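Only the coordinates and a few stated rules stand behind these numbers; no lab work does. Just so it is clear, the model here is predicted, and its values are computed rather than measured. Positions of Cβ are backbone-derived with ideal geometry, glycine not excepted, and every protein chain shown enters the neighbour counts.
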Amino acid sequence: MQQYRNLILGFVLIITLMTGLGGFSLYHLNNISKDVDNIYNHPFAVSNAGQSIQTLVFAMHRDMKDVVLVKDPDQLKATLEQVHRQEQQVLKQFDIIFERFLGNKVTIKQAYQTFIEWKPIRDEVAQLALAGDTEKAAEITRAKGAQHVDQLLSEVHEFVLFAQNKANQFHKQSSKNRDHSLSVVATIGFLTIVISLLIAIKVTRLILNSNKALSQREHLIDQNIMLANLDQQGVIIDASNALCRFLDTTKEELVGKQSNFFDNSDSHSMLSEQIWKTIKTGKTWQGEIRHINEDGLMHWANSRILPNINERYEITGFTNLLQDSTSKKLSITDKLTTLPNRRSFEDVLEREIKLSYRHGTAIALAILDVDFFKLYNDTYGHPQGDKALRDVANCIIGCLRRPSDFAFRIGGEEFAIIITEQDAAKAQAFLDRIREEVEALHIPHEKSTVSEYVTISIGAYWSAGNQISDKNELYTEADKALYLAKNNRNELVVHNHQSYLKTA
């Protein structure tokens with residue numbers, strides 16, 4: 001209701017302003033009419049130019065008298081230069097008159113010709129003065145020069161009078177136009193108010209409908225798009241209900257808390273550090289986040305974090321857009337261990353082999369098998385066996401430290417690890433640490449003949465990037481190494497082209 005009240009007040013203000021504008025326009029139309037008078041007052045421009053010519057001619061004639069009297073050559077030269085400047089100003093005034101004079105320009109041409117014919121007289125006086133014949137120069141100035149100036153002033157005065165009469169005619173006409181304009185503007189002002197009312201009614205309806213549609217869109221966004229607004233420190237300012245459902249929480253519980261970009265998996269610290277390095281530079285970050293709910297179920301989402309920039313190009317906060325990818329992820333993820341499954345393994349292995357071959361970097365494939373797992377299931381039961389597999393998977397995940405290393409569950413008790421850009425010795429040390437860490441979990445296995453705890457056997461094949469281009473070859477060689485490792489169990493066998501290296 002307050003929204004509509006403000007809208008009504010806004011339109012009342014608009015109508016008031018338009019009414020004021022109408023009165024303001026009527027008031028200033030009178031002034032505009034005066035301005036129009038000035039626009040049409042070409043005669044005044046002509047009159048002013050004519051009077052300027054008269055003044056300049058008087059000044060030039062006076063200076064020519066000084067030319068006769070001046071004795072100093074430098075001063076004589078300066079006086080002649082001044083006369084030349086005045087002559088140029090007179091010519092400019094004649095240009096204005098020729099452009100704007102509204103009568104018969106014969107009189108203008110006659111006056112202009114008279115001014116041009118005066119120049120030889122001035123030149124003759126100047127030459128006599130320079131030659132030192134001041135008496136003859138003075139005589140010409142008093143006689144022929146003065147007569148020419150009188151004639152010129154008389155001719156200029158004629159078109160000045162004509163221009164003034166023309167100005168009076170324009171003024172009378174402009175007064176009539178002003179009265180007519182006032183009545184027209186008053187009518188238009190009234191019509192403007194009426195039309196404004198009609199427009200206001202129409203706009204009101206459009207705004208009401210638009211607000212309704214906007215509210216519906218906002219509701220759809222809130223319910224269907226996972227969206228959060230974060231401040232500069234990553235604290236949640238607002239979150240959509242769709243995001244709240246994904247996180248299994250409420251908006252009240254989210255607002256004001258650190259977001260950690262909604263990843264609460266074991267690797268959230270590393271991921272947050274990576275995200276901050278990107279978005280603090282003003283660049284958009286895109287990637288995948290994992291969220292574990294209170295029931296321990298893993299959910300995945302594709303995340304896009306966009307910096308909000310103000311007009312000074314400063315980061316004021318961030319917008320986090322997420323898209324639930326759990327269903328898609330589950331199609332390539334092992335449900336029991338949350339590790340990527342066999343299908344994902346095939347895709348990643350093929351991709352990494354191509355990259356390794358292209359860049360000439362090393363690649364290693366390791367296949368891990370839980371020792372005597374069938375006996376474990378027979379002894380402790382399948383639920384306990386599932387828990388043991390989850391513990392082994394989590395142990396493997398915990399050992400991965402580089403983004404270029406990948407772990408998979410490719411069968412019942414069989415896992416795979418892809419290691420890139422590591423030499424054979426480092427790959428062997430890394431895999432042996434996983435073997436030791438699994439045994440260090442101390443998962444009891446009384447039927448095992450190699451340890452009192454659950455252990456794993458690992459077979460791996462290491463190759464330089466330009467020595468292998470087929471995933472079947474890599475898998476076959478790794479499987480051969482696993483076969484050798486399972487001869488003794490709880491053992492690592494690495495094949496590196498030349499030999500099989502064992503670690504137990």
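Structure values in brief
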item	result
Dipole of the chain, positive direction: furthest Cα of N209, N260, N487, with charges on the beta-carbon	N209
Assigned charges on the beta-carbon of Lys, Arg, Asp, Glu; segment 227-328 dipole about Cα centre (debye)	400 debye
For W276, W300, order by how many other beta-carbon atoms lie within 10 Å, fewest first	W276, W300
Estimated dipole of the chain in Debye, rounded to 20 [Cβ of Lys and Arg +1, of Asp and Glu -1, Cα centre]	1940 debye
Rounded to whole Hz, the Karplus (6.51, -1.76, 1.60) HN-Hα couplings of segment 434-450, x for glycine and proline	4, 4, 5, 5, 5, 5, 5, 5, 6, 7, x, 8, 6, 8, 6, 9, 10
Qualifying trypsin sites (Lys or Arg not before Pro) in segment 375-439, DSSP loop, other Cβ atoms within 10 Å at most 12	R401
Percent of C-alpha pairs per 5 Å bin, segment 305-363, short to long	4, 15, 12, 10, 10, 12, 13, 11, 10, 3, 0
Overall Cα dimensions of segment 342-503 - principal axes, largest extent first, Å	48, 30, 25
Positive-end residue of T278, V235, L322, charge dipole of segment 227-328 with Cβ unit charges	T278
Residue order, fewest to most surrounding Cβ atoms within 10 angstrom, among S457, S404, S52, S448	S404, S52, S448, S457
Net lengthening on full extension, N302/S175 (0.36 nm per residue, minus Cα-Cα)	38.2 nm
Loop-located GluC sites (Glu not before Pro) in segment 264-302, at most 15 other Cβ atoms within 10 Å (DSSP)	E294
Length added when fully stretched, R85-E473, from 0.36 nm per residue minus Cα-Cα	129.7 nm
Two-decimal Rg/Rh across segment 201-297, once Rg and the Kirkwood Rh are taken from alpha-carbon atoms	1.11
Chain lengthening between T278 and D66 when straightened (0.36 nm per residue, less Cα-Cα)	67.9 nm
C-alpha long axis of helix 42-69 to longest principal axis of the chain, angle in °	60 degrees
For segment 343-409, average projected area of the Cα convex hull in nm²	5.4 nm²
Separation between Cα centres of segment 450-485 and segment 347-415, rounded to whole Å	11 Å
Scattering profile of the chain at q = 0.12, 0.13 Å⁻¹ [log10 I(q)/I(0), Debye over alpha-carbon scatterers]	-1.12, -1.20
Which of V348, L336, F430, positive extreme of dipole for segment 328-463 (C-beta unit charges)	V348
Three principal axis lengths of segment 201-241 [C-alpha, angstrom, descending]	46, 21, 8
Magnitude of the charge dipole, segment 354-504, Cβ model with Lys/Arg +1 and Asp/Glu -1, debye to 20	340 debye
Residue exposure sequence - S356, S240 - by fewest surrounding Cβ within 10 Å	S240, S356
Non-local Lys pairs in segment 240-380, i.e. 8 or more apart or on different chains, that have alpha carbons under 30 Å apart	23
Distance from segment 224-292 to segment 106-180 (C-alpha centre basis), Å	88 Å
Nearest-ten-degree value, helix 268-279 long axis tilted from longest Cα axis of the chain	20 degrees
